[in-house]
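Structure record follows, encoded as structure tokens.
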Amino acid sequence: MSHIVEIKTEVRDTEALKLACLRLGLTQPVSCTTRLFTEEATGEAVHLPGWRYPAVFDVISGQLKYDNFQGRWGDPKELDRLLQAYAVEKARLEARRKGYLVTEQPMTDGSIRLTVMVGGVA
């Protein structure tokens, strides 16, 4: 039996965030307090390609802070790619922890289909 799942992503798992960065060829997150344009943010800072300031993930609250000046200081698609990669890596980690087999298929629209095999049935 097949099931469709939609996920609202809150970044709370440092290991999955590191794997997402590795997947996208980004530098690893750095745990720090960093300056955004007008304020500071504390958490796991990830430098996205072409972004002036990092995206900062507070893994305790699951919240994200960034300043890309409405796209002028960084393309929002780069953040979308990271959040998608995080969601995939988090799902893979959780499935593997339960002993499930996970396969991945990139779709033509840019989405990613994950199939989780539970007890030999997808």
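The values are calculated or read from the model by the stated rules, or taken from the named source; none is laboratory data. Owing to the predicted nature of the structure, the values given are computational and were not obtained by experimental measurement. Reconstructed Cβ throughout: ideal geometry from the backbone, glycine too, with neighbour counts over all protein chains shown. Protein only, heavy atoms only, side chains kept; ligands, DNA and RNA dropped before computing areas. Shrake-Rupley method; radii C 1.70, N 1.55, O 1.52, S 1.80 Å.
In contact (Cβ under 8 Å) with a residue 24 or more places away in the chain and assigned to a loop (DSSP other than H, G, I, E, B): is that true of Phe57 in this structure?
Here the answer is no, as Phe57 does not meet what is asked.
Restricting segment 20-65 to residues that are small (Gly, Ala, Ser) and buried (at least 18 other Cβ atoms within 10 Å of the Cβ), which is nearest to Thr9 (Cα to Cα)?
Ala20
Pairs meeting the criteria (first residue in segment 92-105 and touching a residue at least 12 places away in the same chain (Cβ under 8 Å) and under 9 Å from Met117 (Cα atoms), second residue open to solvent by less than 70 Å² (accessible area, probe 1.4 Å) and assigned to a helix (DSSP H, G or I), beta carbons under 6 Å, at least 6 apart or on different chains) are Val102/Arg92; Val102/Ala95.
Considering only residues of segment 80-105 that are of a type in the set (A, V, I, L, M) and touching a strand residue (DSSP E or B) at 6+ places or on another chain (Cβ under 6 Å), which is surrounded by the most Cβ atoms within 10 Å (Cβ to Cβ)? The qualifying residue surrounded by the most Cβ atoms within 10 Å (Cβ to Cβ) is Val88.
The lone criterion from (1) touching a Lys or Arg at 6+ places or on another chain (Cβ under 9 Å); (2) touching a residue at least 24 places away in the same chain (Cβ under 8 Å) left unmet by Gln84 is number (1).
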